[in-house]
Amino acid sequence: MPDAVVIGAGPNGLVAANVLADAGWDVLVLEAQDVPGGAVRSDRGVHPDFVSDTCSAFYPLGVASPTMQALELERYGLRWRHAPAVLAHPLSDGRCAVLERDPHRTAAGLDALSPGDGDAWLRLYGQWQLLSDDLLRALFTPFPPVRSGLALAAKLRTAGGLRLMRFLTLPVRRLGEEEFTGEGGRLLFAGSALHTDLFPDSPGSAAFGWILTMLGQQFGWPAPAGGAGELTKALVRRLEERGGKVQCSTPVTSVIVREGRALGVRTADGEAVRALRGVFADVPATSLYGGLVGWEHLPARLRDDMRRFQWDAPAFKVDWALSGPIPWTSQEASRAGTVHVADSVNSMTEYNSQIVTGQVPDDPFLLLGQMTTTDDTRSPAGTESAWAYTHVPHRTTGDRGPDGITGVWDERDEQAMADRVEAIVERRAPGFRRRILERRILSPRTLEQHNASLVGGSINGGTSNIHQQLVFRPVPGTGRPETPVRGLYLASSSVHPGGGVHGACGSNAARAALRADGALRRHLLHPVLSAAQRMLAQPRN
Ligand SMILES: Cc1cc2nc3c(=O)[nH]c(=O)nc-3n(C[C@H](O)[C@H](O)[C@H](O)COP(=O)(O)OP(=O)(O)OC[C@H]3O[C@@H](n4cnc5c(N)ncnc54)[C@H](O)[C@@H]3O)c2cc1C
């Protein structure tokens, strides 16, 4: 009987398994799909000569996360690759804002777009450098982050105290207006905030924009050599070296609960798998509460809270095998791993408001990845393995474009939306379409088929809005991975600190269990230890 059963071999499940195995626990990971990795996988499904990442592709959070750093995955075969430039945002007049690896080059580029914006960039980066160690530690450790939080509070005072706190609560549009005079800096920040489901006008979106751009400036936005799946392989190798096992094609259908304690899980073929010390659920909160664990084992309050749980907007993604690089009009975009495509901050707001009102956007904001530019092992020399994704509504009430997309994501919807995405790239890169050898469409429907945790195509385990962050994630409480069932931990991106491949949700769950287990053992051993102490303390004749 294993000490721990982990449900789901996504990055959080695999990190939890590794942390437990490091502590000597015998760990079994049960994965529904026939391969591990969740949203961290790659394949040759688009074209046999091209490696394509099926979901996530760039891992600034992975390289910056103290949790992932501690796993030393480079010792298990992981190699990071960087594009010549981190991020580009072509402007509508043909110029381009570029986040370079070197901060002074980024600043020089922004200055050329609008004098003075280079200094603004360097000032914001200076603030980041002062805070980043403590901020990342506070972000990626269990809530409340007492030690790192105190260190961060002390640094915040030096870095501007209340003014900096105000800065972090700003909508990213406002941040751009306050700090930059031109579009370049504003677009780099706003586009990065839109990696979540936030608007340029959402309170706190400045914090997301700042963190992601500044991570890019400090660490780059790297990708694993050979494909996203190499990150998963390194996690699995490390786990197996410590005796842990990953069993694929094994969906878990319920958690076995007796007298308020998780005893193990039941799989789809009816097998009961017992766990001696803990069950770790790398599944969305909505799949765990009222799904794998029946409401009869949970407080009524939780059911009401879960009714209010909000998903992030689903993704619609297209993967391409291209016969050559994307022929951007703004040539600087060719050097970047990631390219953001939107005319202006206003058009991003328009796009977001269409999504929240149920409309499929007519001119959606695109995040586009140039993977061979980043890692030349992805496809033959002179070609490009690329992808782009955007967001669409959860419940579609209409299409703002001319195609009558209904949101059921059948073949017709999928082809029409993929054509729309391609037309947007073609506008900035005439000749792009002629370079498409093959394309693969991942709509909200197919994303969920590929990974049941991408519910309705959502990618971040729930909204990133402030009302579902920190102590409000996934429901108002402590922001911690413990659940109302003893020995059961929520280890997915539905819990603090949320979406992205940083492993902190999994590691926090594992650490909570190790702490509880240590406390229990001390409690059980207490009478024995006290008796031994008393015996030792007795005077000898
Ligand atoms: C299209 C897309 C692009 C993204 N881009 C990036 C990016 O570039 N960088 C980044 O940092 N993040 C990115 N993300 C987000 C990131 O991938 C996720 O936040 C992260 O993978 C969450 O990890 P997880 O372990 O919580 O869940 P997942 O990765 O979703 O893994 C959950 C696993 O649990 C399994 N599972 C679910 N239910 C069961 C069950 N009942 N029994 C057994 N197994 C089960 C699933 O099959 C899956 O393997 C992206 C996500 C998507 C979808």
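The values are calculated or read from the model by the stated rules, or taken from the named source; none is laboratory data. Nothing here was measured: the structure is a model prediction, and the numbers come from that model. Here Cβ is always computed from backbone atoms with ideal geometry, including for glycine, and neighbour counts include all displayed protein chains. Quick note on the areas: whole protein, heavy atoms, side chains included, nothing else; ligands and nucleic acids left out. Shrake-Rupley method; radii C 1.70, N 1.55, O 1.52, S 1.80 Å.
Quick notes on this structure:
- Just one residue in the set Phe280, Phe199 is open to solvent by less than 50 Å² (accessible area, probe 1.4 Å), part of a strand (DSSP E or B) and either within 23 Å of Ser494 (Cβ to Cβ) or hydroxyl-bearing (Ser, Thr, Tyr) (or both); that residue is Phe280.
- For first residues located in region 425-451 and without any contact (Cβ under 8 Å) to a residue 12 or more places away in the chain and under 20 Å from Gly45 (Cα atoms), partners that are within 16 Å of the ligand (Cβ to nearest atom) and not in a loop (DSSP other than H, G, I, E, B) and lie 6+ apart or on another chain with Cβ distances below 8 Å form the pairs Glu448/Val455; Glu448/Gly456; Glu448/Gly457.
- Some residue of region 295-307 being within 12 Å of the ligand (Cβ to nearest atom) and in a loop (DSSP other than H, G, I, E, B): no
For (1) modelled with pLDDT of 95 or more; (2) of a type outside the set (D, E, K, R); (3) under 30 Å from Pro84 (Cβ atoms); (4) within 16 Å of the ligand (Cβ to nearest atom), each residue gets a yes or a no:
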{"residue": "Ala315", "(1), (2), (3), (4)": "yes, yes, yes, yes"}
{"residue": "Gly324", "(1), (2), (3), (4)": "yes, yes, yes, no"}
{"residue": "Trp328", "(1), (2), (3), (4)": "yes, yes, yes, no"}
{"residue": "Pro361", "(1), (2), (3), (4)": "yes, yes, no, no"}
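- The lone criterion from (1) more than 14 Å from the ligand (Cβ to nearest atom); (2) on the phi < 0 side of the Ramachandran plot left unmet by Ala452 is number (1).
Residues are listed down the side, and each one gets a yes or a no for (1) at negative phi; (2) more than 14 Å from the ligand (Cβ to nearest atom); (3) open to solvent by 10 Å² or more (accessible area, probe 1.4 Å):
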| residue | (1), (2), (3) |
| --- | --- |
| Arg440 | yes, no, yes |
| Leu447 | yes, no, no |
| Ile459 | yes, no, yes |
| Gly462 | no, no, no |
| Gln468 | yes, yes, no |
| Gly479 | no, yes, no |
| Gly499 | yes, no, yes |
| Asn508 | yes, no, no |
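- Only one of the listed residues (Thr286, Thr329, Thr338) is β-branched (Val, Ile, Thr), outside any helix (DSSP H, G or I) and surrounded by fewer than 20 Cβ atoms within 10 Å (Cβ to Cβ). That residue is Thr329.
- Pairs where the first residue, in region 2-18, is on the phi > 0 side of the Ramachandran plot and the second is part of a loop (DSSP other than H, G, I, E, B) and near the ligand (Cβ under 6 Å from one of its atoms), C-beta under 8 Å, 6+ apart: Gly8/Glu31; Gly8/Ala32; Gly8/Gly38; Gly8/Asp282; Gly8/Val283; Gly8/Ser453; Gly8/Ser492
- Test result for Arg186, at pLDDT 95 or above, in contact with a strand residue (DSSP E or B) (Cβ under 9 Å, 6 or more places away or on another chain) and open to solvent by 20 Å² or more (accessible area, probe 1.4 Å): yes
- Residue check, Asn465 modelled with pLDDT of 95 or more, within 16 Å of the chain's Cα centre (by Cα) and among the polar types (S, T, N, Q): no
- Restricting attention to region 98-108, the residues being in contact (Cβ under 8 Å) with a residue 60 or more places away in the chain and not in a helix (DSSP H, G or I) number 3.
- Some residue of region 2-25 being outside any helix (DSSP H, G or I), charged (D, E, K, R) and touching a Leu at 6+ places or on another chain (Cβ under 6 Å): yes
- Test: residue in region 376-397 that is of a type in the set (Val, Ile, Thr) and touching an Asp or Glu at 6+ places or on another chain (Cβ under 7 Å): no
- Scan of region 180-208 for residues that are closer than 23 Å to Gly94 by Cα and of a type outside the set (A, V, I, L, M, F, W, C), ordered by number: Thr181, Gly182, Glu183, Gly184, Gly185, Arg186, Gly191, Ser192, Pro200
- Evaluated against (1) farther than 30 Å from Arg428 by Cβ; (2) more than 13 Å from the ligand (Cβ to nearest atom); (3) touching a helix residue (DSSP H, G or I) at 6+ places or on another chain (Cβ under 8 Å), Ala70 falls short on exactly one condition, (3).
Conditions tested, residue by residue: (1) within 9 Å of the ligand (Cβ to nearest atom); (2) at pLDDT 95 or above; (3) of a type outside the set (Ser, Thr, Tyr).
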site	(1), (2), (3)
Ala4	no, yes, yes
Gly8	yes, yes, yes
Asn12	yes, yes, yes
Ala17	no, yes, yes
Leu28	no, yes, yes
Glu31	yes, yes, yes
Ser42	no, yes, no
